[in-house]
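Worksheet: one structure, shown below.
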Amino acid sequence: MNGISNALNGLYDISGVEVGQHFYWQIAGFQVHAQVLITSWVVIAILLGSAVIAVRNPQTIPTAGQNFFEYVLEFIRDVSKTQIGEEYGPWVPFIGTMFLFIFVSNWSGALLPWKIIQLPHGELAAPTNDINTTVALALLTSVAYFYAGLSKKGLGYFSKYIQPTPILLPINILEDFTKPLSLSFRLFGNILADELVVVVLVSLVPSVVPIPVMFLGLFISGIQALIFATLAAAYIGESMEGHH
Amino acid sequence: MASMIMASSKPVISIAASSSFFSKPKLKQIPQLSLPKLPSPKFLKTQQIPSLSSTTLKSISLFTVTTLSFAPPSLAAEIEKAALFDFNLTLPIMMVQFLFLMFALDKVYFTPLGKFMDERDAAIKEKLASVKDTSEEVKQLEEQAAAIMRAARAEIAAALNKMKKETQLEVEEKLAEGRKKVEVELQEALANLENQKEETIKSLDSQIAALSQDIVKKVLPL
């Protein structure tokens with residue numbers, strides 16, 4: 001018995017597998033995942049810093065950085081407009097921040113050398129590879145589309161639950177739960193799986209072979225950010241459009 | 001991590017690893033999200049280790065699960081930390097951070113740059129419209145220029161004609177003058193000639209008488 005447990009202990013020591021392991025901080029008696037908070041602060045700092053530097057002094061003929069940020073803003077506006085319609089204006093910050101935060105988080109997990117910084121327990125990785133982050137974003141999306149529908153149509157918003165027929169009421173209510181669930185688990189699963197696949201391949205073949213998978217991971221990261229932002233916009237647009 | 005994954009390619013370890021994700025709630029008796037169909041700890045605890053080792057049909061998976069459930073506190077504590085679906089205060093903190101990021105980005109990025117881009121679009125459209133207006137202006141200016149050119153050409157042509165006429169008149173005058181002069185001189189010369197002719201004829205007449213006398217004297221010997 002002892003031998004087995006010792007062997008297992010040794011195994012865990014050697015492996016150092018960090019999946020599902022967290023570096024805990026205590027805040028007012030509650031536990032938080034410090035590695036997620038630290039990486040999210042870095043992501044926020046990157047976003048705010050680059051935005052401030054690039055947009056500080058806008059030129060009529062844009063410089064390289066400003067041009068890039070203008071392109072990103074045009075892209076976000078385009079996504080919002082396509083999904084929400086003409087009244088997309090007030091939702092651009094929400095959709096844009098959603099997209100940028102998820103995108104930079106995902107890519108930071110793949111591109112930034114977090115491993116340089118050693119934590120006592122757990123490891124630094126993309127903030128989106130923690131379920132707390134994705135669920136937080138998904139719940140905010142739920143709040144956002146409820147707010148959009150209620151502010152546009154008042155209590156008449158709830159009439160959509162019995163449309164087209166009252167028979168669909170349970171399914172319509174269920175949708176409000178499946179939306180954040182699918183949003184959060186899709187993002188979480190994709191990012192975690194991507195990092196695991198890369199790690200597995202690196203352990204099997206340490207050179208060359210994992211590179212295409214890494215690029216695939218970058219691609220998937222971008223796609224996931226776009227999907228999350230697009231779906232959030234679609235939900236908002238759906239709750240704002242008129243049900244006749 | 002890499003070595004762990006490499007190890008996990010072996011079936012025994014993979015079960016151990018996967019159960020390490022989910023066995024923690026079992027140990028703590030907390031209902032949690034996904035729970036695979038693992039035998040419950042109570043059932044396992046009722047079993048005796050010797051009986052387990054003596055049974056021939058103990059599978060590797062069952063073995064590893066039992067070892068996990070019998071793990072000493074130190075190992076159990078370590079496994080407990082391996083929680084994928086571990087919701088805690090991180091979630092609301094992330095929400096607050098996201099909202100903060102949204103407002104901050106709105107202040108430094110979305111609103112100012114969006115406003116700037118819209119204003120620039122409007123300015124460019126205005127300029128384009130004004131360019132269309134100036135094309136008409138250009139046409140007018142071209143017409144004016146053409147009119148001025150035409151007027152100038154006409155003026156020049158008139159001046160040329162006038163000058164031609166004047167010079168022609170002058171030339172004709174001078175020609176007429178010259179002709180008159182020549183005629184006068186001619187007539188003078190003619191008159192002179194006549195005079196000389198008459199004088200010569202007169203002088204010849206007087207000389208003829210003398211000559212004829214001379215000729216007669218010579219011819220008629222006296």
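Those residues that are free of Cβ contacts under 8 Å to residues at least 12 places away in the same chain and either open to solvent by 70 Å² or more (accessible area, probe 1.4 Å) or under 21 Å from the mean Cα position of the chain (by Cα) (or both), I need them from region A:38-55; list them, please.
A:Trp41, A:Ala45, A:Leu48, A:Gly49
Working only within region A:204-219, note down all residues that are part of a helix (DSSP H, G or I) and without any contact (Cβ under 8 Å) to a residue 40 or more places away in the chain. Steps first, please.
Taking region A:204-219 and keeping what is part of a helix (DSSP H, G or I), we get A:204, A:210-219.
Hits for region A:204-219 are A:Leu204, A:Pro210, A:Ile211, A:Pro212, A:Val213, A:Phe215, A:Leu216, A:Phe219.
Residues are listed down the side, and each one gets a yes or a no for (1) more than 23 Å from A:Glu175 (Cα to Cα); (2) buried (at least 18 other Cβ atoms within 10 Å of the Cβ); (3) over 16 Å from the mean Cα position of the chain (by Cα):
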{"site": "A:Asn57", "(1), (2), (3)": "yes, no, yes"}
{"site": "A:Gln66", "(1), (2), (3)": "yes, yes, yes"}
{"site": "A:Phe103", "(1), (2), (3)": "yes, yes, no"}
{"site": "A:Asn106", "(1), (2), (3)": "yes, yes, no"}
{"site": "A:His121", "(1), (2), (3)": "yes, no, yes"}
{"site": "A:Ile131", "(1), (2), (3)": "no, yes, no"}
{"site": "A:Ala136", "(1), (2), (3)": "no, yes, no"}
{"site": "A:Leu139", "(1), (2), (3)": "no, no, no"}
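So A:Gln35 ticks every box in (1) over 21 Å from B:Lys115 (Cβ atoms); (2) open to solvent by less than 10 Å² (accessible area, probe 1.4 Å); (3) in a helix (DSSP H, G or I); (4) at pLDDT below 90 but one. Which box is left unticked?
The one condition A:Gln35 does not meet is (2).
For region A:105-132, enumerate the residues that are touching a Ser or Thr at 6+ places or on another chain (Cβ under 9 Å) and part of a helix (DSSP H, G or I).
Within region A:105-132, A:Ser105, A:Asn106, A:Trp107, A:Ser108, A:Gly109, A:Ala110, A:Trp114, A:Pro127, A:Thr128, A:Asn129, A:Ile131, A:Asn132 meet the criteria.
Evaluate the following for A:Gly217: is it closer than 30 Å to A:Arg77 by Cβ, touching a Phe, Trp or Tyr at 6+ places or on another chain (Cβ under 8 Å) and more than 10 Å from chain B (Cβ to nearest Cβ)? If you could, list the steps in order and put the result at the bottom.
Numbers: closer than 30 Å to A:Arg77 by Cβ: yes; touching a Phe, Trp or Tyr at 6+ places or on another chain (Cβ under 8 Å): no; more than 10 Å from chain B (Cβ to nearest Cβ): yes.
The answer is no for A:Gly217.
Would you say A:Asn9 is assigned to a helix (DSSP H, G or I), open to solvent by less than 40 Å² (accessible area, probe 1.4 Å) and modelled with pLDDT under 85?
It is true that A:Asn9 is assigned to a helix (DSSP H, G or I), open to solvent by less than 40 Å² (accessible area, probe 1.4 Å) and modelled with pLDDT under 85.
Go through region B:87-115 and give me each residue that's facing another protein chain (nearest Cβ under 7 Å), closer than 14 Å to A:Ala54 by Cα and open to solvent by 40 Å² or more (accessible area, probe 1.4 Å).
Within region B:87-115, B:Val108, B:Pro112 qualify.
Mind checking whether some residue in region A:158-176 is among the hydroxyl-bearing types (Ser, Thr, Tyr), open to solvent by 30 Å² or more (accessible area, probe 1.4 Å) and not in a helix (DSSP H, G or I)?
Checked against the condition, which is being among the hydroxyl-bearing types (Ser, Thr, Tyr), open to solvent by 30 Å² or more (accessible area, probe 1.4 Å) and not in a helix (DSSP H, G or I), region A:158-176 yields at least one hit.
For the structure I just gave you, tell me whether A:Phe228 is touching a residue at least 12 places away in the same chain (Cβ under 8 Å), of a type outside the set (Ser, Thr, Tyr) and either farther than 23 Å from A:Leu100 by Cβ or open to solvent by 30 Å² or more (accessible area, probe 1.4 Å) (or both).
For A:Phe228, the condition - touching a residue at least 12 places away in the same chain (Cβ under 8 Å), of a type outside the set (Ser, Thr, Tyr) and either farther than 23 Å from A:Leu100 by Cβ or open to solvent by 30 Å² or more (accessible area, probe 1.4 Å) (or both) - is not met.
Identify, from the list A:Glu175, A:Glu238, the residue that is under 25 Å from B:Phe85 (Cβ atoms) and among the charged types (D, E, K, R).
A:Glu175
Tell me, please, whether a residue that is open to solvent by 60 Å² or more (accessible area, probe 1.4 Å), at pLDDT 85 or above and of a type in the set (S, T, N, Q) can be found in region A:146-153.
Yes, region A:146-153 contains at least one residue that is open to solvent by 60 Å² or more (accessible area, probe 1.4 Å), at pLDDT 85 or above and of a type in the set (S, T, N, Q).
Considering only region B:138-153, I want to know if a residue exists there that is open to solvent by 60 Å² or more (accessible area, probe 1.4 Å) and within 22 Å of the chain's Cα centre (by Cα).
no
Of the residues A:Ile131, A:Ile84, only one is among the hydrophobic types (A, V, I, L, M, F, W, C) and within 10 Å of chain B (Cβ to nearest Cβ); which?
Numbers: A:Ile84 fails: within 10 Å of chain B (Cβ to nearest Cβ).
Of A:Ile131, A:Ile84, the one residue that is among the hydrophobic types (A, V, I, L, M, F, W, C) and within 10 Å of chain B (Cβ to nearest Cβ) is A:Ile131.
The values are calculated or read from the model by the stated rules, or taken from the named source; none is laboratory data. Model, not experiment: these values are computed from the prediction. For neighbour counting, all protein chains shown are included, and Cβ atoms are generated from backbone atoms with ideal geometry for every residue, glycine included. Each accessible area value is taken on the protein alone, full model and side chains, heavy atoms only, with ligands, DNA and RNA left out. Shrake-Rupley method; radii C 1.70, N 1.55, O 1.52, S 1.80 Å.
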